[in-house]
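Scroll down for the structure; my scribbles are underneath it.
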Amino acid sequence: MNTQAIASPDARADTAPLPASKPDHPLRETLKIFLKNKSAAGGLILLTIILLGTTIGPALYGVDAYEMVWMPLSPPGDGTPLGTDYIGRDILAGILIGGRVTLIVGAASAVMTIVIGILVGAFSGFFGGRVDAALMKFTEFFQVLPSLLLAMVLVTIFSPSIGTIIFAIGIVGWAQVARLTRAEFLRIGNLEYVKAARAAGARDGYLMFRVILPGSLPPIIVSSALVTGASILFEAGLGYLGLGDPNTLSWGMIIGQNQNYLLDAWWTVTCPGIAIFLTVLAISLIGDGINDALNPRARKRA
Amino acid sequence: MDTFQRLSSTFKRLLEAFLLVMAVVVLNFLLIQLAPGDPVEVIVGEMGGASEELMAQLRAQYGLDRPVIEQLGIYVGKVLTGDLGYSYYFNTPVLDLLLQRVPATVLLVMTALFLSVLVGTIAGAVSAKKPDGIGSHIVTIISLVGYSAPVFWIGMMLIILFASMWPIFPVAGMYSIRRPDGFAYYVDILHHLALPAITLATIYVAFYSRLARTSMIEVLGQDYIRTARAKGLSERKVVWKHGLKNGLIPIVTMVGLQFGQLFAGAVLVETVFNWPGLGRLAYESILRRDYPTLLGILLFSAVLVMIANALTDLAYRWIDPRIRKT
Amino acid sequence: MTDTAPFLEIIDLSVEMKTETGTIRVLDNVSLQIRRGTTLGIVGESGCGKSMTALAMMRLLPPGFEITSGQIILDGEDITRASDARMRALRGNDISMIFQEPMTSLNPVFTVGDQIAEAVRQHQGLDKAKAEQRAIEMLKSVQIPGAEARLHSYPHEFSGGMRQRVMIAMALACQPRLIIADEPTTALDVTVQAQIFALMRELQEETGTAIMLITHDLGAVAELADDVAVFYSGWRIESGPAASILRNASHPYTSGLMSCTPRLRLGKAAAGGAADLREIAGMVPQLGQMPQGCRFAPRCALADDHCRSAVPPDVGVAPAHSAKCWKTEAEVLA
């Protein structure tokens with residue numbers, strides 16, 4: 001009773017300003033809250049800079065990332081802005097071009113992760129019973145296995161290429177998304193409007209993907225930001241272990257190739273690492289911002 | 001009746017764990033089958049340099065001319081009798097190789113886990129006491145950094161800082177070149193353990209501090225916390241006794257779920273620090289395309305995760321009496 | 001044990017809540033007295049400030065709430081000025097509290113024995129074995145069967161009524177001078193309610209402790225209380241001896257409440273009281289949107305323009321019995 005007494009005035013203070021502003025489309029409302037959030041806007045700006053850097057950056061900079069251009073292991077400022085690696089390649093050029101693989105693989109495998117997760121979770125939560133039990137055992141299997149190790153084995157056996165790396169990362173990380181989707185489906189599946197649609201004779205497929213899925217999207221969208229960040233870190237890890245596509249540079253790969261020179265040439269590993277860090281940070285900030293925008297009341301507590 | 005139920009639930013858990021490990025065995029078999037090229041090449045490893053005779057002998061041994069189901073039977077039988085194959089690169093049975101490397105990994109992973117849960121919980125609980133205070137913002141920032149930085153890179157930065165610029169820790173390895181005797185031997189190992197364990201703990205400190213904060217904020221708002229205060233207990237007892245034991249429940253649950261990922265992180269950290277565990281072995285066997293070892297590590301990691309889950313389960317029962325009876 | 005001198009006295013207590021938009025006064029100049037060994041019943045709807053009064057006495061107001069004026073004097077000591085350390089020594093030892101929700105007020109991860117013994121160890125410095133012994137005694141005194149065995153049980157292994165008995169045992173463990181019971185039976189079955197009330201009365205006779213019983217149930221007050229205070233949206237609108245109030249409710253709100261309580265309506269009707277309201281029309285005003293004059297005026301059948309513009313005074317209607325109402329005097333004079 002007392003907790004209620006405390007919660008209610010708070011809640012009023014929270015919701016009061018909303019009706020005051022003129023009624024907006026919910027999406028625009030969400031976007032507004034998102035852009036007002038300083039750290040989320042910062043993340044968006046950071047990500048935009050990174051995307052520009054990796055797309056038009058190499059052409060603007062004009063240095064070939066794969067050629068020896070200077071003395072090996074020369075420090076930043078001494079002929080090249082961020083120094084050179086152990087065979088004299090320009091680190092800045094490597095970072096600009098290496099971001100492409102990292103971002104493409106990160107995004108593509110995140111999409112794969114989310115799609116598998118949604119499918120498994122949707123079937124599990126929608127049909128329940130034995131389907132649910134079987135799918136959840138299957139999910140648990142993937143949740144318990146060390147995902148990086150499984151991805152390493154897959155990439156090693158099927159030999160590293162952008163395709164196998166995307167596949168390997170996509171196939172190992174979907175368990176969390178599946179659990180989340182399942183929980184949302186269980187919750188929403190019992191709401192009145194779903195029951196009504198069911199009573200009106202809607203087919204299972206329509207119910208799942210047209211009726212229930214849209215309602216369960218907000219938490220999935222938030223977790224997809226986390227998944228994208230994790231996929232990028234994953235790709236970096238594989239690249240670092242020498243399991244990147246041998247035909248293209250990636251950030252993790254630059255770090256891995258130079259790790260033996262880390263004590264003599266800190267810039268070779270530090271700079272690409274900062275690139276990974278900032279990219280994932282930008283995505284995390286955006287994810288937090290989406291989270292706050294989608295449920296503004298959680299912001300106070302979080 | 002009660003003991004019978006408890007026994008049967010324990011048995012059920014064991015059976016489930018066993019089935020999960022068997023699923024990994026089947027997965028391994030499928031990977032060998034699906035791999036491009038002759039399965040024997042996978043079994044031997046690309047760099048194994050096995051002779052034609054040996055290949056023919058293995059083909060017969062694994063019954064590769066027989067139906068797939070029968071091959072699976074042979075494979076499972078071998079794994080169950082402890083035959084994980086032979087590493088031609090290391091020239092040792094895979095099982096022996098793995099058993100040699102397990103202690104180093106367990107030491108690293110358990111230390112990192114202990115550090116991250118301890119530091120994460122304390123940081124989370126402290127910041128939960130003042131959700132809008134400076135401590136809370138620091139936890140948020142640390143957890144953002146921990147989430148976003150690649151763990152192997154954090155390790156390298158720590159090496160640059162604490163092994164090169166300010167050399168208070170060794171760069172890599174588990175022992176000094178001249179191994180000291182007696183007590184000093186263990187101190188030496190701890191000295192080598194510090195950086196890798198801190199590195200591996202960093203990401204999970206971020207994770208657990210955030211989790212602990214959410215959990216403690218919720219717990220500290222509960223009615224029984226008010227009861228504890230109404231009893232006249234000090235704030236210290238209210239938070240660290242009545243609050244923490246409840247706040248730990250979701251943390252223990254996550255420890256069980258996260259253990260596999262912690263192990264995956266160990267692969268990267270062991271590689272950075274040249275720590276002689278299973279993770280470093282995984283890296284080495286990738287370089288040599290030593291598939292039997294790699295698949296063995298996958299299986300072993302599943303077994304280790306199962307053991308860790310069983311331990312978590314015990315901890316969970318100890319912390320939450322409501323679970324005990326069911 | 002009954003003694004006429006007030007042993008707890010609350011004088012003009014105000015509590016305010018700070019929000020983003022300003023402060024809201026949730027308790028406005030409330031005064032109360034409790035005599036040694038007696039029971040004071042506090043009655044009112046939820047949100048009227050009953051629980052805030054209790055938490056203010058424990059100095060356990062939730063964050064954002066603050067005592068802004070007034071005194072709470074316990075045996076000559078103003079506890080609004082007591083240090084935190086002094087408050088910890090008082091809580092659980094001199095004043096203890098029984099909460100509304102027995103299901104959530106016990107810590108689920110400690111045995112009930114631990115939770116009872118903890119209070120004794122904290123305040124009386126008993127060792128583990130002695131504290132445990134004391135916990136067994138307490139469980140016996142609240143009539144929990146098999147006390148020795150139940151000592152090691154966890155809260156989830158008890159029913160709601162049994163948990164509330166455990167809460168009472170915990171509250172009584174250090175023989176406090178005052179027990180605040182905040183709606184101790186609201187969450188329980190009616191039959192269990194009667195048992196809990198009987199137990200409280202019995203324990204009071206044995207130990208001579210004073211009780212402040214917070215409830216919205218006038219029936220419970222009629223059964224247990226020596227004195228009554230009625231609260232309405234942060235005001236104490238009527239107070240006096242239970243018998244006097246039940247016989248002669250002077251505030252329209254109190255009479256309204258009584259006509260809502262079936263057990264009491266007959267007696268009241270026989271005494272020829274105010275109109276039979278059955279239920280009080282309208283809603284309690286929202287905190288922060290208080291009417292200018294009497295806070296009850298918008299719902300009051302007797303209210304006139306004067307009531308709506310000026311805050312009514314406390315008017316004595318009988319010995320030690322007063323009501324905060326413009327209309328009371330007229331009624332008494334008539």
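The values are calculated or read from the model by the stated rules, or taken from the named source; none is laboratory data. Fair warning: this is a prediction, and the values are worked out from it, not measured in the lab. Methodologically, a virtual Cβ is constructed for each residue, glycine included, from the backbone with ideal geometry; neighbour enumeration extends over all protein chains shown. Ligands, DNA and RNA are excluded from the accessible area calculation, which covers all protein heavy atoms including side chains. Shrake-Rupley method; radii C 1.70, N 1.55, O 1.52, S 1.80 Å.
Looking at this structure, is A:A133 without any contact (Cβ under 8 Å) to a residue 12 or more places away in the chain and either surrounded by fewer than 24 Cβ atoms within 10 Å (Cβ to Cβ) or in a helix (DSSP H, G or I) (or both)?
Yes: the conditions hold for A:A133.
Does at least one position in region B:284-297 carry a residue that is facing chain A (nearest Cβ under 9 Å), surrounded by fewer than 18 Cβ atoms within 10 Å (Cβ to Cβ) and assigned to a helix (DSSP H, G or I)?
Yes, region B:284-297 contains a residue that is facing chain A (nearest Cβ under 9 Å), surrounded by fewer than 18 Cβ atoms within 10 Å (Cβ to Cβ) and assigned to a helix (DSSP H, G or I).
On the given criteria, is C:E118 charged (D, E, K, R), under 23 Å from C:H216 (Cβ atoms), at the interface with another protein chain (Cβ under 10 Å from one of its Cβ atoms) and open to solvent by 10 Å² or more (accessible area, probe 1.4 Å)?
no
Give region B:242-283 a look and list any residue that's part of a loop (DSSP other than H, G, I, E, B) and of a type outside the set (S, T, N, Q), or say none.
B:W275, B:P276, B:G277
I'm trying to understand the selection: among the residues of region A:242-255, which are buried (at least 24 other Cβ atoms within 10 Å of the Cβ) and within 10 Å of chain B (Cβ to nearest Cβ)?
Across region A:242-255, the qualifying residues are A:L243, A:W251, A:G252, A:I255.
From the list A:G128, A:G163, which residue is free of Cβ contacts under 8 Å to residues at least 60 places away in the same chain and away from chain B (no Cβ under 14 Å)?
Selected residue: A:G128, the only one of A:G128, A:G163 that is free of Cβ contacts under 8 Å to residues at least 60 places away in the same chain and away from chain B (no Cβ under 14 Å).
So which of A:I49, A:I116 ends up being closer than 28 Å to B:L295 by Cβ and out of contact with any strand residue (DSSP E or B) (no Cβ under 8 Å at 6 or more places or on another chain)?
Working: A:I49 fails: closer than 28 Å to B:L295 by Cβ.
Going through A:I49, A:I116 in turn, the sole match is A:I116.
Tell me, please, whether a residue that is crowded, with 21+ Cβ neighbours inside 10 Å and away from chain B (no Cβ under 12 Å) can be found in region A:140-156.
So far as region A:140-156 goes, no, none of its residues is crowded, with 21+ Cβ neighbours inside 10 Å and away from chain B (no Cβ under 12 Å).
Go over the candidates C:S141, C:S153 one by one and state the one that is free of Cβ contacts under 8 Å to residues at least 60 places away in the same chain and among the polar types (S, T, N, Q).
Checking each option against the conditions leaves just C:S153.
Applying the selection to region B:121-153, what residues are surrounded by 22 or more Cβ atoms within 10 Å (Cβ to Cβ) and more than 9 Å from every other protein chain (Cβ to nearest Cβ)? Steps first, answer last, please.
Restricting attention to region B:121-153, the residues satisfying the condition of being surrounded by 22 or more Cβ atoms within 10 Å (Cβ to Cβ) are B:121, B:123-125, B:127-128, B:139, B:143, B:146, B:148-153.
Result: B:T121, B:A123, B:G124, B:A125, B:S127, B:A128, B:V139, B:S143, B:G146.
Given the options C:G22, C:G49, name the one that is assigned by TED's automatic domain parsing to the domain that holds C:C294, modelled with pLDDT under 90, within 21 Å of C:Q292 (Cα to Cα) and surrounded by fewer than 16 Cβ atoms within 10 Å (Cβ to Cβ).
Values: C:G49 fails: surrounded by fewer than 16 Cβ atoms within 10 Å (Cβ to Cβ).
None of the other options fit; the residue is C:G22.
Among the residues of region B:220-250 satisfying the criterion of being without any contact (Cβ under 8 Å) to a residue 40 or more places away in the chain and within 31 Å of the chain's Cα centre (by Cα), which is surrounded by the most Cβ atoms within 10 Å (Cβ to Cβ)? Can you show your working first?
From region B:220-250, those without any contact (Cβ under 8 Å) to a residue 40 or more places away in the chain are B:221-238, B:241-242, B:246, B:250; that's our starting set.
Checking which are within 31 Å of the chain's Cα centre (by Cα) leaves us with B:241-242, B:246, B:250.
Values: B:K241: 17, B:H242: 25, B:N246: 23, B:P250: 16.
Filtering region B:220-250 for residues that are without any contact (Cβ under 8 Å) to a residue 40 or more places away in the chain and within 31 Å of the chain's Cα centre (by Cα), the one surrounded by the most Cβ atoms within 10 Å (Cβ to Cβ) comes out as B:H242.
Scan (1) closer than 16 Å to A:S231 by Cβ; (2) under 19 Å from the mean Cα position of the chain (by Cα); (3) at pLDDT 90 or above for the single condition A:G173 breaks and write down its number.
If we test A:G173 against (1) closer than 16 Å to A:S231 by Cβ; (2) under 19 Å from the mean Cα position of the chain (by Cα); (3) at pLDDT 90 or above, just (3) comes out false.
Within region C:89-97, can one find any residue that is open to solvent by 20 Å² or more (accessible area, probe 1.4 Å), modelled with pLDDT of 90 or more and under 22 Å from C:G161 (Cβ atoms)?
no
Pairs needed: first member in region B:159-178, more than 9 Å from chain A (Cβ to nearest Cβ); second member anywhere, acidic (D, E) and part of a loop (DSSP other than H, G, I, E, B); C-beta distance under 9 Å; at least 6 residues apart or different chains.
Listed pairs, sorted by first residue: none to list.
With a cut-off of at least 2 residues that are in contact with a Pro (Cβ under 6 Å, 6 or more places away or on another chain), name the strands (runs of 3 or more DSSP E) lying wholly within region C:36-143.
C:95-98
Could you grab the pairs with beta carbons closer than 6 Å, sequence gap of 6+ or different chains, first residue in region C:65-80 and over 18 Å from C:A210 (Cβ atoms), second one of a type in the set (G, A, S) and assigned to a strand (DSSP E or B)?
So the pair list comes out as C:T68/C:S14; C:S69/C:S14; C:G70/C:S14.
If a residue has to be of a type in the set (V, I, T) and away from chain C (no Cβ under 13 Å) to count, how many in region B:298-326 make the cut? Please lay out each step first, then the result.
So in region B:298-326, the residues of a type in the set (V, I, T) come out as B:303, B:305, B:307, B:312, B:319, B:323, B:326.
Subsequent filtering for residues that are away from chain C (no Cβ under 13 Å) retains B:303, B:305, B:307, B:312.
Total meeting the criteria: 4.
If you take the residues of region C:99-115 that are open to solvent by less than 30 Å² (accessible area, probe 1.4 Å) and at pLDDT below 90, which of them is farthest from the other protein chains (Cβ to nearest Cβ)?
C:P102
Here is a list of conditions, (1) open to solvent by 10 Å² or more (accessible area, probe 1.4 Å); (2) of a type outside the set (S, T, Y); (3) within 24 Å of C:H156 (Cβ to Cβ); (4) more than 7 Å from every other protein chain (Cβ to nearest Cβ), and C:R86 meets all of them except one; can you say which number that is?
Single failed check for C:R86: (3).
Does C:Q133 satisfy the criteria of being in contact (Cβ under 8 Å) with a residue 12 or more places away in the chain, away from chain B (no Cβ under 14 Å) and open to solvent by 20 Å² or more (accessible area, probe 1.4 Å)?
When the stated conditions are applied, C:Q133 does not pass them.
Those residues that are more than 10 Å from chain B (Cβ to nearest Cβ) and either among the charged types (D, E, K, R) or not in a helix (DSSP H, G or I) (or both), I need them from region A:257-274; list them, please.
A:A265 - this is the single residue of region A:257-274 that is more than 10 Å from chain B (Cβ to nearest Cβ) and either among the charged types (D, E, K, R) or not in a helix (DSSP H, G or I) (or both).
Taking B:G146, is it in a helix (DSSP H, G or I) and over 30 Å from C:F99 (Cα atoms)? Don't jump to the end; show me each part of the working.
Numbers: in a helix (DSSP H, G or I): yes; over 30 Å from C:F99 (Cα atoms): yes.
For B:G146, the condition - in a helix (DSSP H, G or I) and over 30 Å from C:F99 (Cα atoms) - is met.
So which residues in region B:14-38 are over 20 Å from the mean Cα position of the chain (by Cα), within 11 Å of chain A (Cβ to nearest Cβ) and either under 23 Å from B:Q57 (Cβ atoms) or not in a helix (DSSP H, G or I) (or both), if there are any at all?
B:L31, B:I32, B:Q33, B:A35, B:P36, B:G37
Does B:Y208 qualify as being part of a helix (DSSP H, G or I), under 30 Å from B:D132 (Cβ atoms) and more than 8 Å from every other protein chain (Cβ to nearest Cβ)?
Spelling it out, B:Y208 is indeed part of a helix (DSSP H, G or I), under 30 Å from B:D132 (Cβ atoms) and more than 8 Å from every other protein chain (Cβ to nearest Cβ).
With A:I188, A:I221, A:I157, A:I212 as the choices, which residue is within 30 Å of B:L34 (Cβ to Cβ) and of a type outside the set (S, T, N, Q)? Please lay out each step first, then the result.
Working: A:I188 fails: within 30 Å of B:L34 (Cβ to Cβ); A:I221 fails: within 30 Å of B:L34 (Cβ to Cβ); A:I212 fails: within 30 Å of B:L34 (Cβ to Cβ).
Only one candidate qualifies: A:I157.
Please find, among A:F234, A:F277, the residue that is open to solvent by 20 Å² or more (accessible area, probe 1.4 Å) and at the interface with chain B (Cβ under 7 Å from one of its Cβ atoms).
A:F277
Out of the residues in region C:298-323 meeting the condition of being in a loop (DSSP other than H, G, I, E, B) and not hydrophobic (A, V, I, L, M, F, W, C), tell me which one is surrounded by the fewest Cβ atoms within 10 Å (Cβ to Cβ).
Out of the qualifying residues, it is C:P319.
Please determine, by comparing only the residues of region B:251-279 that are at pLDDT 90 or above and open to solvent by 40 Å² or more (accessible area, probe 1.4 Å), which one is nearest to the other protein chains (Cβ to nearest Cβ).
Here the residue is B:N274.
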